[in-house]
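Here's the structure we're looking at; comments come further down.
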């Protein structure tokens, strides 16, 4: 191919320099490997390995394939921790129908770098509503809807006492060893298990045998205690517990009341399960 030359002006003198001469290779000089050879020695590029193998051939495995199914291992470990926690609380008399898994988010923190104490009152509230739903469903779905809608006779929170046992952070981590997997560092998103159980208002046998004045019923006929625990999956321990006073309330007449034997039986049945 003809070479090109160019003229450069350098001050008052002119000089000619040779230009670059391109060289081209013919296609016949390039060695092309057959497709079947590519399949015998898989390319490290998964796209190349996919496009060079003929139909029916077994291509190479993905270079990014995990050596171990970590996600499945984490799921199994989390389920095992949850089962153990529920079994421990059930053995202590807490109502399984009240179990509520409470997620912890970053916004639950305060300036002291742990879940704010006030948040636990809301966590226990969510679990309490789960327990109330279970009580209503034991009587009937319609009764449960009325209780949750504050219609007719239902519950009202009179007081709540919360004790804080351990700080909780987002996300808590824990190391779990499995015989089939390496030690895993698991971050618990569904972190707290909230559980409730009821107990009668303390009263003597003489009070129970005394005549009841419908206009002014005794406390043991109008209220009861509801105990709760918040169990941390990560810490495998109770991080907070509470005791609430729950009052039977007539929302139609806006006053506390004796709900009658049918509604009391629904609560006492769950109370006996919790003993």
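The values are calculated or read from the model by the stated rules, or taken from the named source; none is laboratory data. Not measured: the values here are computed from a predicted model. Positions of Cβ are generated from backbone atoms using ideal geometry, with glycine treated the same way; all protein chains shown enter the neighbour counts.
Among the strands (runs of 3 or more DSSP E) confined to the stretch 130-243, the ones with at least 3 residues that are at pLDDT 90 or above and under 22 Å from the mean Cα position of the chain (by Cα) are located at 190-200, 223-232. Scanning the stretch 202-246 for residues that are touching a residue at least 40 places away in the same chain (Cβ under 8 Å), in contact with a helix residue (DSSP H, G or I) (Cβ under 9 Å, 6 or more places away or on another chain), surrounded by fewer than 16 Cβ atoms within 10 Å (Cβ to Cβ) and under 19 Å from residue 265 (Cα atoms) yields one hit, 212.
Let's see how each residue does on (1) buried (at least 17 other Cβ atoms within 10 Å of the Cβ); (2) in contact (Cβ under 8 Å) with a residue 24 or more places away in the chain; (3) not in a helix (DSSP H, G or I):
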{"residue": "75", "(1), (2), (3)": "no, no, no"}
{"residue": "79", "(1), (2), (3)": "no, no, no"}
{"residue": "82", "(1), (2), (3)": "yes, yes, no"}
{"residue": "85", "(1), (2), (3)": "yes, yes, no"}
{"residue": "94", "(1), (2), (3)": "yes, yes, yes"}
{"residue": "102", "(1), (2), (3)": "yes, yes, yes"}
{"residue": "119", "(1), (2), (3)": "yes, no, no"}
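Name the residues in the stretch 244-268 that are in a helix (DSSP H, G or I) and more than 19 Å from residue 131 (Cβ to Cβ), would you? Residue satisfying the conditions is 261 alone.
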